[in-house]
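**Q** Please see the structure below; I have some questions.
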Amino acid sequence: VYNNAGDIYTNGAEVYSFTEDEAVSSSRVYDYYELKFADYYEPFILVDGVFVEPGAESMLVGENMTCHISPYPGIRIQAAETEAGSLIWDNEDGSLYLSNVDADTTLTLTLQADAPAFDMEDGTFVTEQTVTISGPAGSSIYYSLDGSTPDTESGMLYEEAFTVSESCTVKAVAVIDGVEPSDVARLNLAFLSFTAPDFAEEKEGYFRPSAQAILVKNPGTEDVEITGVTLEGEDAEAFALSSDAGKVIPAGGLNDTKWTIRPVKGLAAGVYEAVVVFTLESGETVEVPLNFTVVSDDADAEEVEAAEEAAEADDAEDDAAEEDAAPVAGTEEAPDEAASAAVEADAVKEASDI
């Protein structure tokens, strides 16, 4: 405060006074400039360091002063442009500082919704996973499972958590009216696949079947370690496992036939079932079912008997067909037996009369 005359109400504070010789010859008047926005940003940003006149809609910024523009939670300032004034970004919170304004200062902002977030990280799994997506307050989330970029027309509207059991990339975007849609958030889910052996049916006395591999495929982006493999089940002794040792399944690769299964020799007729249990480093387990069927030697005799029964049935059908096709008495194809009998009766009567 520059004041060369009069009393100053200071509320007890110390005041520095000038003498007449030290009178201030001039003082500077600080101007205020109107801060104009290129669009309606009020619901999405907070502007601090401005002076708002009562009842006025414009914002006034003091000359050589700085105003702070920060986005509300869930929104980010993607870009800012002004023809007059200086902009300095705060990279930590995405806000910006505007200074050196003048009467022609117009600020143009590009606002964007924050990307959605998943409740889990990329990974490789053996069981189905439940996916939960969260987004900014007031946003709608659209997602896809087929690799396409979701939007309000092609994407599925997220309403509740969902399960995924096959390898895919979940993509999601957040949409808020009045700002740009968010960047695409991605979640890569991969699932180990286990291919069980498929043994053909054998007859008793069969020659030992060939061993078949259990293929383990890892479509994920990280290696997966299998710590051990065991044969379990009531009929486990009906099968032979080549190895119970563990192995690392490389990302995007196979197990290279590390484990093979072979049914043992000499099994009697019956159906044999067991499981191969794979234990992963994570502690998860996967059961691969085994099935092998042995049929009795009497199967050939049963087939012959069935063929004979079928032949007899065919013969019976043929006989019935022949009976249906036999000539009917009184037709052109056969003499009328009744007429023949009448002729014979007449001949006997004539002989009697004589």
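**Q** If the chain between ALA213 and THR227 were fully stretched, how many nm would it gain, using 0.36 nm times the residue separation less the Cα-Cα distance? Write down the numbers at each step before the final one.
**A** Numbers: separation 14, 0.36 × 14 = 5.04 nm, distance 1.77 nm.
Taking ALA213 through THR227 to full extension adds about 3.3 nm, to one decimal.
**Q** Evaluate the distance, in nm, between pseudo-label points positioned 7 Å from the Cα of ILE88 and of ASP297 along their respective Cα→Cβ axes.
**A** Result: 9.8 nm between the two label points.
**Q** Quickly work out the THR130-to-HIS68 label distance, labels modelled 7 Å from Cα along the C-beta direction, and quote it in nm with one decimal.
**A** For the pair HIS68/THR130, the computed spacing is 4.1 nm.
**Q** Name the long-range amide H neighbours of VAL264: under 5 Å, sequence gap of 5 or more, or other chain; modelled H, no Pro or chain starts.
**A** PHE239, ALA240
**Q** May I ask you to give the solvent-accessible area per residue for the range 77-202, in square angstrom, as obtained with a 1.4 angstrom probe?
**A** Details: 6710 Å² over 126 residues.
On a per-residue basis, the range 77-202 sits at 53 Å².
**Q** On full extension of the chain, what length is gained from ALA79 through LEU254, given 0.36 nm per residue of separation minus the C-alpha to C-alpha distance?
**A** Numbers: separation 175, 0.36 × 175 = 63.00 nm, distance 4.68 nm.
Contour length minus the Cα-Cα distance gives 58.3 nm.
**Q** Further, regarding this structure: Residue separation times 0.36 nm, minus the C-alpha to C-alpha distance between VAL271 and ASP177: what's the value? Walk me through the intermediate numbers first.
**A** Details: separation 94, 0.36 × 94 = 33.84 nm, distance 6.31 nm.
Extra length from VAL271 to ASP177 when fully extended: 27.5 nm.
**Q** Per the 1.4 Å probe, what fraction of the accessible area of the range 110-259, in percent, lies on carbon and sulfur atoms?
**A** On the way: 3450 of 8110 Å².
With neighbouring chains kept in place, the figure for the range 110-259 is 43 percent.
The values are calculated or read from the model by the stated rules, or taken from the named source; none is laboratory data. In this text, all values refer to a predicted model and were calculated from it rather than measured experimentally. For neighbour counting, all protein chains shown are included, and Cβ atoms are generated from backbone atoms with ideal geometry for every residue, glycine included. Ligands, DNA and RNA are excluded from the accessible area calculation, which covers all protein heavy atoms including side chains. Shrake-Rupley method; radii C 1.70, N 1.55, O 1.52, S 1.80 Å.
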